[in-house]
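Asker: Sharing a structure below in C-alpha cells format, with a few things to ask.
The values are calculated or read from the model by the stated rules, or taken from the named source; none is laboratory data. Here the structure is a predicted model, which means the values were calculated and not measured. Here Cβ is always computed from backbone atoms with ideal geometry, including for glycine, and neighbour counts include all displayed protein chains.
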Amino acid sequence: MKRKMVMVPGPIEFSPEVLNAMAVPTANHVSGEFIECFGESLEMLKDVFVAPDYSPFIIAGSGTLAMDISVCNIIEPGDRVLVVDSGYFSQRMADIIRWYGGQVDLLQDKVGDIPCPEDVEKALEKGIYRAVTITHVDTSTSVLADIKNITRVAKKAGCLVIVDGVAGAAGARCQTSEWGIDIYFTASQKAVGAPPGLALLVVSPEAMDVFHNRKTPVMNYYASFQNWLPIMEAYQNRGPAYFGTPAVNNVRALNVALKQIIEEGLEKRFTRHEKIAGAFREGIRAMGLQIVPVKEEKAAPTLTAIYYPNSEGKNLVKYMEEEGIVVAGGLHPEIKDKYFRIGHMGSCCGQDIILVISALESCLKKLDSRYEIGKGLTACRQKLYEINNQVKGKEGPDEQ
Ligand code: PMP
C-alpha cells in the first residue's frame, strides 16, 4: 500500500503519541483515572486558549456542534447579530443564528478579503447588536481575521464576541481573555492535533451571565449549557458526573495533544506556524501561483488556498494524490472550481512543506511541460534556511 501524507486543512497528520492514546482500553467514564484525564484536559484547554477564568467545555461532536452550542445558548429569538463574513463558515454561522431565531446582518467583502475593524465599527453604529461573530481563519479562503481589533470595536459597542477558531486555534495567535473574546471554540481535528470527534469551547463569565439571564429556554437539548456546565464543573473538581457518555478515547488523545502544545509553548508554536506558512507561500509565489487571500497579512498561518494555474488545474488534487500527498479542492461557492487548499498546521514542519512543494512542482510539470522544476523548492528552502538561521542565532535549536 502506498503511504499517503494528509495535508488537507483538517483532519491533519496526528502524532504517534496522540494516536496511541486512542488505542488504549476504554476506561469507565466515571473512573478516577478518566476523571483526572478529563479534568486536566479542561484545565489545559483554558491554558491553550489563554482564558484562565473562562468555563471550558469538551463535548463529543464536530466543530459544527461547537458553533451550535455557542449560538443556541447565547442568542435568543429576535437578537441581532453581526456576522463578519470571510467565507463558507461565516455563512454557516449565519444559518445557525437564523435557525435559533436571531436576525443576521452579514458584513461582507470580496472573496479573499475580510472587513477591517473600522468597517465593523461603522456597521455596529447602525443598530443594537447582541453579538458579533468572526471566523478566525476561514477554511474556504485561508483568510486570517484580525480578531484582536475586531473584538476591541465590538466590545466597545457592547456586543458579545463569538470567534470560530476551528481552523485557527493552537496555530494562529489568540489571547482569548486579554482580547475580550466571549466564546472561542474549535474542534479537535485541526491545529489542536487530535482525531475528529470533539467540540472544544471556552466561555467568558460575561457570556455565562447572558446565558443565565435568558428570557427564553435554550431550544436545543444536547447542546444546552444547562446540561453540560455541571458536568464540566464536576470533572474540574475531580468528581464523577454524567449527562452523556464522553468520548473517552478521544479525550485521552486530546489530553496528549494539549500536553504537546503546552510543552512546545504557545509563542513558539504560533511563530512556527507563521514561519512555515511564510516559507510555503514564498514557494507558491515562486512557482507562479496565486493565493486566494488578497494580501500577505491576511493569509492564514494554518492553511493556504491557491488558485489553479490554468483550466486544467482541477486535475491538481488528483495528481497530488498520485504523488502521495492528499490536498483539498475548493469550498467557497463563488470560486469552488478555481482553486485548491493545503493545510500546514499542528505538528507540520519545514520538511513537510518541502515535500508538498516538491510534489506540487511535479504536478505543475504534468499540467504544462514547459514548467521549470525547482523554482518553488529553491525559494521555499531558501526562506526556511533564512528562518532557521535567524532562529538559531536568537533562540537556539532548529525549528524545522
Ligand atoms: N468552522 C470552520 C472555520 C471550519 O473550518 C470547520 C470545518 N472545516 C467548521 C467550522 C466545521 O467543523 P466540522 O467539520 O468539524 O463540523
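Asker: Can you go through G78, G112, G127, G101 and tell me which one is buried (at least 17 other Cβ atoms within 10 Å of the Cβ) and either among the charged types (D, E, K, R) or not in a helix (DSSP H, G or I) (or both)?
Answerer: G112
Asker: Of everything in the range 353-395, what is modelled with pLDDT under 95 and either among the β-branched types (V, I, T) or touching a strand residue (DSSP E or B) at 6+ places or on another chain (Cβ under 8 Å) (or both)? Give them in sequence order.
Answerer: If the condition is that a residue be modelled with pLDDT under 95 and either among the β-branched types (V, I, T) or touching a strand residue (DSSP E or B) at 6+ places or on another chain (Cβ under 8 Å) (or both), then I387, V391 are the ones that fit.
Asker: For the range 314-331, give me each residue that is of a type outside the set (A, V, I, L, M, F, W, C) and in contact with a strand residue (DSSP E or B) (Cβ under 8 Å, 6 or more places away or on another chain).
Answerer: Residues satisfying the conditions are K314, G324, G329, G330.
Asker: Count, please, the residues in the range 38-55 that happen to be more than 16 Å from the ligand (Cβ to nearest atom) and either buried (at least 22 other Cβ atoms within 10 Å of the Cβ) or of a type in the set (A, V, I, L, M) (or both).
Answerer: Counting residues in the range 38-55 that are more than 16 Å from the ligand (Cβ to nearest atom) and either buried (at least 22 other Cβ atoms within 10 Å of the Cβ) or of a type in the set (A, V, I, L, M) (or both) gives 10.
Asker: Just checking, how many residues over the range 130-154 are buried (at least 18 other Cβ atoms within 10 Å of the Cβ), assigned to a helix (DSSP H, G or I) and basic (K, R)?
Answerer: 0
Asker: Also, quick follow-up: Among the helices (runs of 4 or more DSSP H) contained in the range 251-370, which hold 2 or more residues that are among the aromatic types (F, W, Y)?
Answerer: Those helices (runs of 4 or more DSSP H) span 266-286.
Asker: Separate question: Only one residue in N255, N220, N250 is over 17 Å from S55 (Cα atoms) and touching a strand residue (DSSP E or B) at 6+ places or on another chain (Cβ under 8 Å). Which one?
Answerer: On inspection, the qualifying residue turns out to be N250.
Asker: Confirm whether Y100 is within 15 Å of the ligand (Cβ to nearest atom) and hydroxyl-bearing (S, T, Y).
Answerer: no
Asker: Inspect all residues belonging to the range 11-23 and state whether any of them is free of Cβ contacts under 8 Å to residues at least 12 places away in the same chain, part of a loop (DSSP other than H, G, I, E, B), among the polar types (S, T, N, Q) and more than 16 Å from the ligand (Cβ to nearest atom).
Answerer: Looking through the range 11-23, none of the residues is free of Cβ contacts under 8 Å to residues at least 12 places away in the same chain, part of a loop (DSSP other than H, G, I, E, B), among the polar types (S, T, N, Q) and more than 16 Å from the ligand (Cβ to nearest atom).
Asker: Could you tell me which numbered condition R80 fails, if it satisfies all but one of (1) of a type outside the set (A, V, I, L, M, F, W, C); (2) over 19 Å from V166 (Cβ atoms); (3) under 20 Å from the mean Cα position of the chain (by Cα)?
Answerer: Here R80 meets the rest and fails (3).
Asker: Conditions: (1) assigned to a loop (DSSP other than H, G, I, E, B); (2) more than 16 Å from the chain's Cα centre (by Cα); (3) aliphatic (A, V, I, L, M). V50 meets all but one. Number of the miss?
Answerer: Status for V50: all satisfied but (2).
Asker: Say whether the condition of being over 16 Å from the mean Cα position of the chain (by Cα), in a strand (DSSP E or B) and crowded, with 23+ Cβ neighbours inside 10 Å is met by at least one residue in the range 59-68.
Answerer: Taking every residue of the range 59-68 in turn, none turns out to be over 16 Å from the mean Cα position of the chain (by Cα), in a strand (DSSP E or B) and crowded, with 23+ Cβ neighbours inside 10 Å.
Asker: Turning to a different aspect of this structure: Return yes or no: is V120 surrounded by 24 or more Cβ atoms within 10 Å (Cβ to Cβ) and more than 16 Å from the ligand (Cβ to nearest atom)?
Answerer: yes
Asker: Would you point out which residue out of V166, V203 is touching a residue at least 12 places away in the same chain (Cβ under 8 Å), within 19 Å of E274 (Cα to Cα) and surrounded by 22 or more Cβ atoms within 10 Å (Cβ to Cβ)?
Answerer: V166
Asker: Among the listed residues V120, V132, identify the single one that is within 20 Å of the chain's Cα centre (by Cα) and within 15 Å of T151 (Cβ to Cβ).
Answerer: One residue alone meets the criteria, V132.
Asker: Please find, within the range 364-378, the residue that is farthest from E13 (Cα to Cα) out of those that are touching a Lys or Arg at 6+ places or on another chain (Cβ under 9 Å) and surrounded by 15 or more Cβ atoms within 10 Å (Cβ to Cβ).
Answerer: Y371
Asker: Residues being of a type in the set (A, V, I, L, M, F, W, C) and in contact with a helix residue (DSSP H, G or I) (Cβ under 6 Å, 6 or more places away or on another chain): count how many of those fall in the range 321-341.
Answerer: 4
Asker: Only residues that are within 12 Å of the ligand (Cβ to nearest atom), part of a strand (DSSP E or B) and β-branched (V, I, T): list them for the range 155-170, please.
Answerer: Across the range 155-170, the qualifying residues are I162, V163.
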